[in-house]
Every structure is written in structure tokens, then in C-alpha cells.
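Only one structure is covered here, and it is reproduced in the block below.
The values are calculated or read from the model by the stated rules, or taken from the named source; none is laboratory data. Keep in mind it's a predicted model, so treat the numbers as computed, not measured. With ideal geometry, Cβ positions are generated from the backbone for all residues, glycine too; neighbour counts draw on all protein chains shown. Accessible surface is based on the protein model in full, side chains and every heavy atom, while ligands, DNA and RNA are left aside. Shrake-Rupley method; radii C 1.70, N 1.55, O 1.52, S 1.80 Å.
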Amino acid sequence: MKIFLRQNKKAFAEISICKIFEGVAILAASYFLVEFIDAASIEILVLFFVAMAARFLISATCARQILKLSTAIQNAVRKKLHAEIFNQEIASGELLTLTFETVQTLEDFFVKVLPNVFAVIVLLPLFLICAVFVDWITAAILLVTLPVSPLILYLIGKATAEKNSRAWLELQNLNSDFKEILAAITTLKMFNRIDAAAVKLKSTSEKSSAATLEVLKLAFVSSFALELITTLSIALVAVTLGLRLISGTVEFDAALFLLLIAPEFFAPIRKLGVMFHVVISAKMAVERLQKFLEIKSVKVSATEKLRLPPEISLENVSYAYPQKKSPVLKNLNLKIPAGKITAIVGESGRGKSTLLKLLAGLILPTGGEIFFNELPTSKMQRESLFSKVAYMPQAPTLFDAALSENFSMFEQLDVTELKKFLRELDLKLDLNSKQKISRGQLQRLGLIRALLKNSSLIILDEPTAGLDFETESKVLKLLKENSSRRTVIIATHRQAVINFAENIIEL
């Protein structure tokens, strides 16, 4: 998380400056109100309203900046989490919980808690310094009563941490069960086990609800305790000032000014108490996200020395899908030459698609090693590996977005090159629409998407499946024209593609 915070130093500085101006506006409004009570005049009243308006405008500006900061950090965190989707060491239920509920907790923290954190850091010292200049005794009372509230929060926080961990675990179990039932819904329906699955899901849901309710109970207790302490602190300041005012040891203007800023002094802490359960949840969320957000130390040479296009070697590579006893690939050894078009052929079920996923880095070998120019892919950064690979699956995904964004994968789009590809493949599409396209059009969309990425390694899984002879010829011609200085690997059953390839590997 620290790296995301460092990347947004400018935003934090801007928020701090906003809070300073907000504090100055609060002090000015309090001062003008005291002056108006002491000597009523229209000019002072106007200045009071100007100061109050400035306070709320600055507060709104600060809120917008915090929302912008929250969105930027959430997007960065989600991108890192999405990069871990293909990491088989992470349970799917845990990844779902992290991506949705845990990142949502961060948003609650930034939007609801962070403004009060900045208020505590910036406004409390500002008000305290002002109180020292007005009346040092009242400033001393504020300083002495201030640590009581954080101490109570600390003690409640220790009690809440364990319950919050249990609530998160129950939520993770609920996500896992729900995903498992959705994946097996057809089988459950076939064997008439839908009711049993529903009972299990209901039980897990009730456990999650009970654990969450325990956390909320402590949150309400913490809010009440903090409200009580801050109210008593303000009352102590008010009583002290009243007695001193009667005895004549403090001026009326000074006493009234201090009474006005005392609630503002404790307001950030009171609001933190109300949002205390969000603070605890955010702290736990950061701890859970930390292991996924740490940037692994990878040698720069592992990516800089990679010649393009790569020669690929597999040494004793095996792969078995989870919960499957027999491997799809076992002790596979082969070499794929650099800068050539290689066809992977073999009967269905031989592991062609699995091999392509291994080469693309979407799954990791359960045994052996894959080398790009003698560099093991297991030592490369995943981001670096993905940047060098363009992968087209058998069934390319059509996103719920305009076709132009489907071609570009939401990155910068070279419209001229795209239109050239569309003409060569005889595709007539409205790029600005979300129109439905046929299976054959989707195949060609996937190929163009791979070519537009401009990667040094192109991996295609049955790119011409279901296409007629004429369309297939156009696809192969386009591929030939754009395969220069690229290593192209195609899994195929089609004889035309096999004849087109410069190198053939049979599984």
C-alpha cells in the first residue's frame, strides 16, 4: 500500500493545504461571530457569512480531491489484484473477497475517514496554537483531555480486531460456497441437489451475518464511549471558563471564542468514533491486501536481456489441472524457433490449448521450466511477460463496450491500422456501437486484437475454426504480412494452417 500512497504525494499535499484553509475559515467565522455579539454591525455579519461560506466551499473542494484520490488508489489496487487472477496459489473465494468487499472497504475509509484524519492532523494543532495565544489554561485543558479519546479507541480496537478477522473469514467462506454452487449448478440440478446446496448457502450466510453483527455491536459501543468522553471534555472547558468568567480572570470575548472552537476541536475525534468500525475494517483490509500488493524484487536483467522475437524452450514441462490425478502434459521437451510461424497439431485432448496457456503465462507449470531465450519465465515479472505476449483463445471475449474498445482492449487505439485490418478481413462493423457479431466475426476480432497489441510473441488457439476457405485464406494472408520479427504459435486442426506454418510440432 505504501507505494500507492507515495505515488499520490501531491494529492495528500493539496488536501492538507485545503484543511489548513478550512481551519483558518473556522477561526475567522468564530472571531467575527464574537465581534458581532460584542458590537453588532452589518459589516461584521457579512464577514461572518463570508467566512462560513468559504469554510463549506473549501470543505467541498477537499471532499472532491479525496474522492479523486480514492478512485485512483482503488484502480491501482484492483489492477494488481487482477494480475494475480492466474496465480494458482490464491483461492478463488479469497480473490473475490479481496477484489470486491475489501477494496470497497478502502473506499469507505478514504471517503468517510480520511477527511477526519486530515482534520486531526491539521486542525487540532492549529486550534490548539490559537487557544494558547488566547488563554493558555483552556489550551492546557484541551491538551490534557485530548489523549483520553485515542486511548479508548485503542482499547476497543484490540477487542474488535479478532471479531473483524472472523467476520472476514466467514465472508470469504460465503463467497467460496456461492462460487462453487454457481459453477456446479447444472450438476446439482441434474441430481436434484439444489435444495441441499441452498441449505448450505443459507447456513454460511447466517454465520457471516452473525459475525458482522458482533463487529457492529462493538462499533456502536465505541461511538457511544467517544461521544461521552468528548462531550465531558467540552463541558469541562465550558464550566472552567464560566467559573473564571465570574471570578474575572478571563475576558468575555476570549471565553466566548474558546467556547466556539472547543466543539470544533473535538469534532474530528467524535466523527472518527462514529466511523471507528470503518477504521478497523480498513486496517484489516490493508493487512490482507499487503501480500498481494508487494512488488516482488525481480532482477532487471531478466527482462532487459530478452531478445525479440523470443526462442522458446520447454524442459520436462508437466501440467495437471487442480483436483485431477493424471496430467494433461507430462515431461514435455520441445523448442519453438524464433521469428517463425509454428503450428501445434495433435488430436483433441492432447493438451494443445493447455500448452498455449502455459506459453502465455496464464497458468504455471506443475513441473519443469519454460525458457524465453534461455531465461526462465518463472523468474520474470508477470507484467513483463504479459507485455510480450498476445494471446487469442478459442472463444475470444466480447466485452460489454463499443467494438473499438473491444479491439483496443481499452488501451490507445491505432485507428488507421485497425481499419486496414478490417478491410483485409472483409469486416464491416460500426466501431462506435455495441452490435452483436457472429462467431466468425468474433474469431477475426480476436486475431486483429492480438495483432494490434504489437507483441513479439503471438499465440493463437484455432484462429480459423469455423471459417470458410476464402475467409481462412484472408486470415492467413494477414497473419503472414504481420508476422515479421515475431514468433507466432498456432494450435490448429486445419490442414490449410498446417501447410501455411513454417514449423510443425505434433503432440
### Query
How do the peptides 122-128, 135-141 rank, highest first, by the average count of neighbouring beta carbon atoms within 10 Å per residue?
122-128, 135-141
### Query
Where a Cα-Cα gap under 20 Å defines reach, which aspartates and glutamates qualify for K379, not counting those fewer than 8 residues away within the same chain?
E84, E89, E294, E304, E311, E315, E369
### Task
Would you check the accessible area of E180, probe 1.4 Å, heavy atoms only, in square angstrom rounded to 10?
110
### Query
Is there a pair in K19/K68; K335/K357; K340/K420; K80/K324; K428/K474; K357/K477 whose C-alpha atoms are over 21 Å apart, and which pairs would that be?
K340/K420; K80/K324; K357/K477
#### Entry: Heavy atoms of M52: accessible area, 1.4 Å probe, square angstrom to 10
50
### Summary
For E470, the accessible surface traced by a 1.4 Å probe with all protein chains present amounts, in square angstrom to the nearest 10, to 120
### Message
If DNA, RNA and ligands are ignored and the probe is 1.4 Å, what is the ranking of C62, C130 by accessible area, most exposed first?
### Response
C130, C62
### Task
Over region 381-471, calculate the relative contact order: mean separation of alpha carbon pairs under 8 Å at least 6 apart, over the residue count, as a percent.
48
